[in-house]
1. What about residue B:190, is it buried (at least 24 other Cβ atoms within 10 Å of the Cβ), under 30 Å from residue A:47 (Cα atoms) and either touching a helix residue (DSSP H, G or I) at 6+ places or on another chain (Cβ under 8 Å) or more than 14 Å from chain A (Cβ to nearest Cβ) (or both)?
2. For residues in region B:100-142 being in contact (Cβ under 8 Å) with a residue 60 or more places away in the chain and under 19 Å from the mean Cα position of the chain (by Cα), which is nearest to residue B:162 (Cα to Cα)?
3. Filter region B:196-226 for residues that are part of a helix (DSSP H, G or I) and either free of Cβ contacts under 8 Å to residues at least 12 places away in the same chain or out of contact with any helix residue (DSSP H, G or I) (no Cβ under 9 Å at 6 or more places or on another chain) (or both) and give the result.
4. Please count how many residues of region A:35-61 are over 18 Å from the mean Cα position of the chain (by Cα) and away from every other protein chain (no Cβ under 14 Å).
5. For region A:95-124, which positions are touching a helix residue (DSSP H, G or I) at 6+ places or on another chain (Cβ under 6 Å) and not in a helix (DSSP H, G or I)?
6. Might you let me know whether region A:150-162 holds any residue that is outside any strand (DSSP E or B) and farther than 28 Å from residue A:101 by Cα?
7. Checking residue B:163 against (1) crowded, with 22+ Cβ neighbours inside 10 Å; (2) over 19 Å from residue B:111 (Cα atoms); (3) more than 9 Å from chain A (Cβ to nearest Cβ): exactly one of these is not met. Which one?
8. From (1) over 19 Å from the mean Cα position of the chain (by Cα); (2) surrounded by fewer than 21 Cβ atoms within 10 Å (Cβ to Cβ); (3) within 30 Å of residue A:125 (Cα to Cα), pick out the condition that doesn't hold for residue A:83.
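Each reported figure results from applying straightforward, stated rules to the coordinates on display, with no laboratory input. The structure displayed is predicted, hence computed values, not measured ones. FYI the Cβ positions are ideal-geometry reconstructions off the backbone, even for glycines, and counts take in every protein chain you see.
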């Protein structure tokens, strides 16, 4: 079990910045998720914690000990990889046993521990198989068993579910969270899937262009986004971000008028509102436009309204049906409106 | 419509078999011819009139294993070839791993230098090698042949193995490293098993080149002491009895058989190894 601190971490390759000014404190037993688009620096940050990349600057500490000069094999971390990285020449049993052999765990303990780990991931019946004879989900579980077998201080998981189909992903997600709670091991999980992040994390680190955009619990990230990047990245469909102008506390953009906002932010701003906080209205509407698209999904209907040149997404009632191009009015939940600076794109409070 | 398509497909298949069959015949006839000469009496071979029902004879066989030191030459060949391949593998595997996986200044130049040793004509280094081995007192020994074969093939073996190593996902090594393995353990337990087909291919290619090596063997093996099959065959004309074609043919056939068997066994890997060595990396 370990607390991990990153201070002033930078990673450069020539003039390219992979990771920039990362300061982070991960508590013991915490499940921390690094979330962001491809190339945002999340995997690089994780690899630096694993010891597979060297930071250009900054310090990595585990339980107060500086780890920068400690080799990957001497850090007590276990990693699960996107492509599973099972050793193809070894059986599942040998794969799971490998870390025990490498770390000189007493031989007499090997068999018991391998079988315990395999049981935990429900793989006991497949120990004799080679990796190529396993399904994707089984391979992922074998990789997980290999990581947990020696009970490391830290689990690192690099998009471990991204190669699985949606249903299996959901099952594995539950399993991973369950195992993490059971073993009480500090876990860092990298993903670009916001659902995975929201469901698994104690806290989420959102990254973009090598920098941390926001750190917080899933609720904080969802309800209190720090900037337009976070606001647009979390939520499906993402938050509507409407460029407009605030004057005397009234926001206006083509087709959109929202009065009684904070007048001290007057000037060009971006108004944010999530699709589930927009409601179709008969009167007192904040937005007037034409129906551009209606997408029933069974439990709800996604409605797209064209206001000026901007498409606004609305989560409407499941029974909502209207032909295209007819006029439509939408009212925003005033409690759930967000204002962002149009230049810095930071949240205005 | 369907019938005409089927007929066309059938015709194209016949044509394909015809071409392949002709080529196979072209390749196999000399070998069979050798075999047939090798097992016929000497007089029958040099007779000018055609013989429709050849006589089977083991004269040449007994001559090869009796008067001619065939066993000695074969032993020299096997020792020199196996020794050289072992030297190649011991040197090439770590070199290939380094070229495939580590980043350091001059890596590509070193890689190119290794490959470039294969580009020059062997004759260029023949004289220096002769003097080198003479000064080392290794002339006319199997040890010298081992070293020369190993040196000649080292670049090719390194590059073939390297091209296989490049194909191994980096994640495997990262996984092994976080599991606690050292670089040597990773090489031994993860990389080598994963590139075993490549290693076998490289070894067989090196073996074939070594079997066929002639120039350096001729230079180094000045007496029968270090003769291998390739040089012995070239020097094998008979003696006081004149040219003994049947024995020459049989010896050539015996030299050919092991290579043929090995190539047939690994032909799938062989083509991959050769093309990868040629185009990758």
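1. The answer is yes for residue B:190.
2. B:122
3. The answer is B:196, and nothing else.
4. Residues that pass the stated criteria total 7.
5. Listed by number, the residues that qualify are A:121, A:123.
6. Checked region A:150-162: at least one residue is outside any strand (DSSP E or B) and farther than 28 Å from residue A:101 by Cα.
7. (2)
8. Against the list (1) over 19 Å from the mean Cα position of the chain (by Cα); (2) surrounded by fewer than 21 Cβ atoms within 10 Å (Cβ to Cβ); (3) within 30 Å of residue A:125 (Cα to Cα), residue A:83 comes up short only on (1).
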